[in-house]
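The values are calculated or read from the model by the stated rules, or taken from the named source; none is laboratory data. What you see is a predicted model; the values in this text were computed from it and never measured. Cβ atoms come from the backbone with ideal geometry, glycine included; neighbour counts cover every protein chain shown.
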Amino acid sequence: MASLTINNEVYEEKLNYAFYNQLKNDPDLKTNTRDGFSNFIDKLLDGDLDMIIKFHWHALAWFKRNQPAENKVFEALEQTVFTDDEKTDQEITNIIEALKADGFLARKLSKYLKDLNKSADLIQKRIDGMEDGDKKDELEMGLEQIQDQIEQVKKLLAEPDSSPKPEESDSQLTN
C-alpha cells in the first residue's frame, strides 16, 4: 500500500476491515437503499475524482483518532495524483487493483457484481411484463446502464494484476 505525506508526517495506508467499515458507513456515500462501498464503486467506475480522495482517506482509518482530515489527504494527493490526467486515470486503476488484491475486498467486489446482475434480472422481468411506453423506455435505458457496469466490473475483475509475480521480480533484480 502507498503512504501519504501530510504535514511532514508519513501515513501508511492499509486496506483492512476499518477501511471497509468506514467506507461502508460513510455518510456522503451511504443511502437508504445502498451502503457506501457499493456507491463508492459506482462512482469510482464513473471516474468521480472525489472517490480517489475517499479511498485514500478511508485507507487511513486504522489511525482512528489520529486519522488526518479529508482535506489534508486531498492536499497530499494534489501534489502527486492530480497533477495530470494520466496519473489520475492510473490511480483509479491502482485503486481497483488494491481492492482486488485484498481477499475480503475482492469478495465484496464479487458480491457487488452479483447484486448488479440481480438488479438487471429484476429490471428485465419488469420490462418483459410491460407494454411499450415512456416508463418501459426509461427502464430499458437503466438496464443498459447496469449492463454496461456489469461488463466493466467483469473486465476489471478478470484483468490480471499488472504487478510482476515474485519469481519474475527476482529475475529482474540487478546490482
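Worth pointing out:
- Applying the criterion of being surrounded by 15 or more Cβ atoms within 10 Å (Cβ to Cβ) and over 14 Å from ILE52 (Cβ atoms) to the residues of segment 65-101, the residue that is nearest to the chain's Cα centre (by Cα) is LYS100.
- Test result for ASN7, farther than 20 Å from LYS100 by Cβ and surrounded by fewer than 19 Cβ atoms within 10 Å (Cβ to Cβ): yes
- In this entry, ILE123 passes the filter for residues that are in contact with a Gly (Cβ under 9 Å, 6 or more places away or on another chain) and either free of Cβ contacts under 8 Å to residues at least 40 places away in the same chain or not hydrophobic (A, V, I, L, M, F, W, C) (or both).
- In the set LEU157, LEU99, only one residue is part of a helix (DSSP H, G or I), within 18 Å of ASP42 (Cβ to Cβ), touching a Leu at 6+ places or on another chain (Cβ under 7 Å) and at pLDDT below 85; that residue is LEU157.
- Of all residues in segment 26-43, those satisfying the criterion of being over 17 Å from HIS56 (Cα atoms) and surrounded by fewer than 17 Cβ atoms within 10 Å (Cβ to Cβ) are THR31, ASN32, THR33, ARG34.
- Look at segment 19-44: where a residue is closer than 11 Å to PHE55 by Cα and a partner is assigned to a loop (DSSP other than H, G, I, E, B), sitting 6+ places away or on another chain with Cβ atoms under 7 Å, you get PHE19/ALA59; PHE40/LEU29.
- Any hit, segment 47-56, residues being over 17 Å from GLU91 (Cβ atoms) and either under 15 Å from the mean Cα position of the chain (by Cα) or not in a strand (DSSP E or B) (or both): no
- The lone exception for GLY47 - which of (1) more than 30 Å from SER119 (Cα to Cα); (2) surrounded by fewer than 18 Cβ atoms within 10 Å (Cβ to Cβ); (3) touching a helix residue (DSSP H, G or I) at 6+ places or on another chain (Cβ under 9 Å); (4) of a type outside the set (A, V, I, L, M) it fails: (1)
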